Amino acid sequence: MIELKREELLISELADLLVNDKHIAVGAASPIPGAAALLVKEEAKLQNNRLRVTILHSNKYNNFTDGARELFDCAAQGRIDTFFLGGVQIDGEANINLVGTGSYEKIQKRFPGSFGSALMYFVVPQIILFREEHSPRTLVDKVEFISAPGFSDENIYRPGGPKFLLTNRALFKFNKQKKRFCLLKINNNENLENIIKLTGFKFDVDDKITNMSVPNKTRIDILRNKISYMVSEFYPEFADKIWGV
Amino acid sequence: MIELKREELLISELADLLVNDKHIAVGAASPIPGAAALLVKEEAKLQNNRLRVTILHSNKYNNFTDGARELFDCAAQGRIDTFFLGGVQIDGEANINLVGTGSYEKIQKRFPGSFGSALMYFVVPQIILFREEHSPRTLVDKVEFISAPGFSDENIYRPGGPKFLLTNRALFKFNKQKKRFCLLKINNNENLENIIKLTGFKFDVDDKITNMSVPNKTRIDILRNKISYMVSEFYPEFADKIWGV
Amino acid sequence: MKQFDELSLLEIVDEVKDGDLIGIPADYSGVPMEFTKELIKKGIKDLKLYCLPLTTIQGDMLIGSGCVSEVEAAAVTLGEFGLAPRFSEAVESGKIIIKDSTCPALHAQLQATEKSVPFMPLRGVIGSDIQKYRKDWQIIENPMKFSGNKNEPILLLPAVQLDILIFHAPCVDKNGNIQIGRRRELATLAHASKNVFVTTERILDIDLFDDELSAATCLPALYIDGISVVKNGAWPCALPGVYGADNDEIKKYSIAAKTQKGFEDYMKNYLSN
Amino acid sequence: MKQFDELSLLEIVDEVKDGDLIGIPADYSGVPMEFTKELIKKGIKDLKLYCLPLTTIQGDMLIGSGCVSEVEAAAVTLGEFGLAPRFSEAVESGKIIIKDSTCPALHAQLQATEKSVPFMPLRGVIGSDIQKYRKDWQIIENPMKFSGNKNEPILLLPAVQLDILIFHAPCVDKNGNIQIGRRRELATLAHASKNVFVTTERILDIDLFDDELSAATCLPALYIDGISVVKNGAWPCALPGVYGADNDEIKKYSIAAKTQKGFEDYMKNYLSN
């Protein structure tokens, strides 16, 4: 059996969520989503399907020519199917916080800021929340600052929103009607009790809950022999750490 | 004495109005304003002054790189000092009509349309109205369609507006307070009575009314030996007709 | 796997439906005349032309051929060859609806769609008869506390989304990126259009995105639904940087089209070539 | 007659006044670090940073040096080297005002000024705490009869005009046109700024407008008030297409700047080089 790195498993899990996309965009500081997008693009190519990937921190995989605003305009136009967002905190209603902890006026710990989340979360049909750390500190009952809300009133223009949340330990699906996450998959060395303990919000559990799926050999080969080198162009430290390329 | 063409006289008259500018823009179908702008730029160069000229129908003298909207954005930003507008009809309150004659709903004679006049007239500090034909048909009491109004209410944002009107026969200055043109100069072979007869609107007459000024030899030389060739790049037919270049 | 769909010209023509709101590039942006010829041959009906910001012979031919029900433009003109005769006649006789506009408004309405906002504000225009006759434009009092002027009326223009856009480009790279150079209004048009097709002089065997500077001259392939190679595809209009306008031909047209009969004779010959 | 003013770096620094609202380019747009060093040496005060849309070491150094009273940004970060420590500390201790924003809002506010309109609408954002705390942002009900949705709340962002913008560019042509390539957010910044100064690696002996394709890569000289040649002017930040970031140096900074003392020691050395 192939020894699989944790990051490779997450890349493969994300890739499974992208197979129906035509255009995937990847924002700042996202080597794992970036690798997943390139992996799906490569697999699509083998099946003679066309898939575009825009990776903002790459020159080679950046499709835009209208300056830094084009990502947001393009997303608002409905031309991006999937985008990834993270969060210092993510809560059970899929609100995300990229700003800090404590009250906003007297902030305790200040983080970088909300980036483009406050628009992207509204307009991209499939937002995948991705946060490696799965702990009561990151997955909270209620975020202390809403960089972008998980849902909106009926009269708000919102074709997009949260679809999945992936962490080191688990994959959740977001139920828009119930405004609640549902646990779909857990990492192989995890168990439900521990996930419940480490998650700061309440969630549903899918009837058919499974382990995360181990990628087959073909996928692993593509990832290690091809995607690794592509990723090294724009995330050299990550590519070096995981694959030594 | 040098035999001066009518067009050369008009170019020289326009040039005199541009000497304090830093950036002059010239729109569609305007060989005489284009030549005047390039002439002033050339004269500025001799005096070691910097003057920019943007001629939309030229590649060489087009300073813009943000597409066709940049002229309007640039003007709205206050970065264009002078622009030229024409009109199928121009009236005594400096309203201009580029659309047609007769009522709008049952138009008699349809002309091309208003182009960018409805913005440029509001934002460029010095708009020079230029219409070669000086007749009761072109200079009317009241335009039949307002492509752009000569003045606006106090609460309307309007840093720009009409400053001068030049025709084959005369140069008028627009008085913003009185909303009325004032005759400054007449062409050498004209007289005041005839101008009054051929002008469809009432106007004031300046105390110091003069003939149009004949350009000096230096200016004529620059025009014929240099500007003529520059103009031939973007208005070849005009340059050929006037200067045979 | 090719990164774009290479189509025949007729396949592109088939994508245009009766009643479509179609984007029309100005004479400096690459007029798709060969496409227009085939569109007229097809007998398309009820097109609504959205000109950014003007049209010349392309619009006049479509109007004269009875393909058009509505035109939104800042100008329809044959430039140095005078009025657009079929346009003028059609407006004078009430055959088409003309939504008179002004250049920056035509840009702004597409920029609203580019950003997916319902409207875009614009200064100027207020007090003109253009504004007076545009029932789809609205004026509000400036609602901002800290920007603009108190009590200032502000014109709001609706977002306009085009059904389809076709333009002619000098070249396209092997991955379907379109070289538009300084003609960035083509990007605005494409961003605001549901479908975009391009006719081009040639397909290059390189990827223009391999070099940062040549990348900067491109409209990215992601906005493009199909490409067709059509030699001299802008004739008799100019294709800036590649060939100039055939002024003799446009002049010939401008004279012939002064009457409907003259136009029809001209078109019979034009369409059969 | 030279078509632009060639200045010394200190002449550009002198154009920045205490209290100015200054445009700050993102790490991918050409960060003018040599300029920033001189600005800190000068002891500038009360700068308001307008980041499009984020700042990295440039903003953190200015904040740590006490030059800044306010920051409007979508993020302040050292990227892969973690939080911007002087920024975080200054916000936590209330030393600076942070106007939290989101990338598209920062673009749109400048686009409003680019068009000289008092505001720009934006979708999204409503219901976030970003919006809640921005008293200069307003929400109106969509006033349009025929576009957008009825009863839809629309966020309006005020036009923002910058006092001054400084960025670092790979090269400039002999007539003062700036090669910005795909970094067109620099054009938006320049259009919305009262004064624009550029530091650059070199001045080319050609006119980039002589060729249509190279013209398309430029920000025109007409927006530029002065240019200074400064070799390695972005170090330790990257100058895309010319040199990469000096990651060792940024990492060194990120560690030193974790404390005010460490920051001061680092800066003493940095400013004296």
Worksheet item: Which residues, counting only those in the range D:228-265, are of a type in the set (Val, Ile, Thr) and closer than 11 Å to D:GLU201 by Cα?
Response: D:VAL229, D:VAL230, D:VAL242
Item to complete: Give the range C:117-129 a look and list any residue that's closer than 18 Å to B:SER114 by Cβ and more than 7 Å from every other protein chain (Cβ to nearest Cβ), or say none.
Response: none
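Table: residues versus (1) closer than 18 Å to B:ALA94 by Cβ; (2) touching a residue at least 24 places away in the same chain (Cβ under 8 Å); (3) not in a loop (DSSP other than H, G, I, E, B).
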residue	(1), (2), (3)
B:ASN189	no, no, no
B:ILE195	yes, yes, yes
B:SER213	no, yes, no
B:THR218	no, no, yes
B:ILE222	no, yes, yes
Discussion item. Considering only the range C:168-185, I want to know if a residue exists there that is crowded, with 24+ Cβ neighbours inside 10 Å, of a type in the set (A, V, I, L, M, F, W, C) and more than 30 Å from C:LYS99 (Cβ to Cβ).
Written reply: yes
Worksheet entry | Complete set of residues in the range A:26-51 that are more than 16 Å from A:LEU14 (Cα to Cα) and either of a type in the set (Lys, Arg) or at pLDDT 90 or above (or both) | A:LYS45, A:LEU46, A:GLN47, A:ASN48, A:ASN49, A:ARG50
Practice prompt. Return the only residue of C:LYS45, C:LYS17 being more than 14 Å from every other protein chain (Cβ to nearest Cβ), touching a residue at least 40 places away in the same chain (Cβ under 8 Å) and either part of a helix (DSSP H, G or I) or surrounded by fewer than 23 Cβ atoms within 10 Å (Cβ to Cβ) (or both).
Written response: C:LYS17
Worksheet entry | Qualifying position, being out of contact with any Cys (no Cβ under 7 Å at 6 or more places or on another chain), surrounded by 23 or more Cβ atoms within 10 Å (Cβ to Cβ) and not charged (D, E, K, R), among C:ALA192, C:ALA238 | C:ALA192
Worksheet, complete the sentence: Matching residues in the range C:79-121 (closer than 15 Å to B:ARG110 by Cα and at pLDDT 95 or above) number 19
Worksheet, complete the sentence: In the range A:1-36, anything away from chain C (no Cβ under 14 Å) and among the small types (Gly, Ala, Ser) is listed as A:SER12, A:ALA15, A:GLY27, A:ALA28, A:ALA29, A:SER30, A:GLY34, A:ALA35, A:ALA36
Discussion item. Could you check the range C:126-181 and list, in sequence order, the residues that are polar (S, T, N, Q) and assigned to a loop (DSSP other than H, G, I, E, B)?
Written reply: C:SER128, C:ASN142, C:SER147, C:ASN149, C:ASN151, C:GLN161, C:ASN175, C:ASN177
Practice prompt. Could you tell me which residue of the range A:69-87 is nearest to the other protein chains (Cβ to nearest Cβ), considering only residues that are touching a strand residue (DSSP E or B) at 6+ places or on another chain (Cβ under 8 Å) and part of a loop (DSSP other than H, G, I, E, B)?
Written response: A:ARG79
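Being assigned to a strand (DSSP E or B) and basic (Lys, Arg) is the filter; apply it to the range B:161-187 and report the residue that is farthest from B:LYS45 (Cα to Cα).
In this case the residue turns out to be B:ARG180.
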Worksheet item: Is it true that C:LEU165 is crowded, with 23+ Cβ neighbours inside 10 Å, assigned by TED's automatic domain parsing to the domain that holds C:LEU49, under 26 Å from D:GLY181 (Cβ atoms) and in contact (Cβ under 8 Å) with a residue 24 or more places away in the chain?
Response: yes
Worksheet item: Quick one: in the range D:50-78, which of the residues that are part of a loop (DSSP other than H, G, I, E, B) and in contact (Cβ under 8 Å) with a residue 40 or more places away in the chain is nearest to the other protein chains (Cβ to nearest Cβ)?
Response: D:PRO53
Discussion item. Any residue in the range D:242-258 that is crowded, with 18+ Cβ neighbours inside 10 Å sitting within a Cβ distance under 6 Å of a residue that is of a type in the set (D, E, K, R)? List the pairs, counting only those 6 or more apart or interchain.
Written reply: D:ALA257/D:ARG86
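Name the residue, out of A:SER117, A:SER152, that is more than 27 Å from A:ASP16 (Cβ to Cβ) and at pLDDT 95 or above.
Working: A:SER117 fails: more than 27 Å from A:ASP16 (Cβ to Cβ).
When all the criteria are applied, what remains is A:SER152.
Listed here are the residues, each with its yes/no results for (1) within 13 Å of chain C (Cβ to nearest Cβ); (2) small (Gly, Ala, Ser); (3) farther than 23 Å from D:TYR28 by Cβ.
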position	(1), (2), (3)
D:GLN131	no, no, yes
D:TRP137	yes, no, yes
D:ALA192	yes, yes, no
D:THR199	no, no, no
D:ASP207	no, no, yes
D:PRO220	yes, no, no
Item to complete: Would you please list the contacts, defined by Cβ atoms under 7 Å and residues six or more apart or on different chains, that run from a residue in the range B:20-37 that is more than 10 Å from B:LEU85 (Cα to Cα) to a residue that is surrounded by fewer than 22 Cβ atoms within 10 Å (Cβ to Cβ) and aliphatic (A, V, I, L, M)?
Response: B:HIS23/D:LEU222
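Look at the range D:26-42 and say how many of its residues are assigned to a loop (DSSP other than H, G, I, E, B) and among the aliphatic types (A, V, I, L, M).
Of the residues in the range D:26-42, 2 are assigned to a loop (DSSP other than H, G, I, E, B) and among the aliphatic types (A, V, I, L, M).
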Worksheet item: Within the range B:88-105, restricting attention to residues that are assigned to a strand (DSSP E or B) and not hydrophobic (A, V, I, L, M, F, W, C), which residue is nearest to C:PRO85 (Cα to Cα)?
Response: B:GLY100
Worksheet entry | Filter result (touching a Phe, Trp or Tyr at 6+ places or on another chain (Cβ under 9 Å), farther than 16 Å from C:ASP136 by Cα, of a type outside the set (D, E, K, R) and crowded, with 24+ Cβ neighbours inside 10 Å) within the range C:86-103 | C:CYS103
Worksheet item: B:ASP66 versus (1) touching a Lys or Arg at 6+ places or on another chain (Cβ under 7 Å); (2) more than 30 Å from B:ASN216 (Cα to Cα); (3) not aromatic (Phe, Trp, Tyr); (4) not in a loop (DSSP other than H, G, I, E, B): which is the lone unmet condition?
Response: (4)
Item to complete: Using the structure shown, decide if D:VAL160 is facing chain C (nearest Cβ under 9 Å) and touching a residue at least 60 places away in the same chain (Cβ under 8 Å).
Response: yes
Worksheet item: Where residues in the range A:202-245 are among the hydroxyl-bearing types (Ser, Thr, Tyr) and closer than 21 Å to A:LEU171 by Cβ, which of them is surrounded by the fewest Cβ atoms within 10 Å (Cβ to Cβ)?
Response: A:THR210
Practice prompt. Can you work out which of the residues in the range B:147-163 that are surrounded by 21 or more Cβ atoms within 10 Å (Cβ to Cβ) and within 18 Å of the chain's Cα centre (by Cα) is farthest from the other protein chains (Cβ to nearest Cβ)?
Written response: B:PRO162
Worksheet item: Taking the range D:88-103, which residues are in contact (Cβ under 8 Å) with a residue 24 or more places away in the chain and either facing another protein chain (nearest Cβ under 7 Å) or of a type in the set (Val, Ile, Thr) (or both)?
Response: D:ILE96, D:ILE97, D:ILE98, D:ASP100, D:THR102, D:CYS103
Item to complete: Looking at (1) surrounded by 22 or more Cβ atoms within 10 Å (Cβ to Cβ); (2) within 14 Å of chain C (Cβ to nearest Cβ); (3) touching a Leu at 6+ places or on another chain (Cβ under 8 Å), find the lone condition where D:GLU114 falls short.
Response: (3)
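The values are calculated or read from the model by the stated rules, or taken from the named source; none is laboratory data. Just so you know, these numbers come straight off a predicted model, no measurement behind them. As a convention, Cβ positions derive from the backbone with ideal geometry for all residues, glycine included, and neighbour counts pool all protein chains shown.
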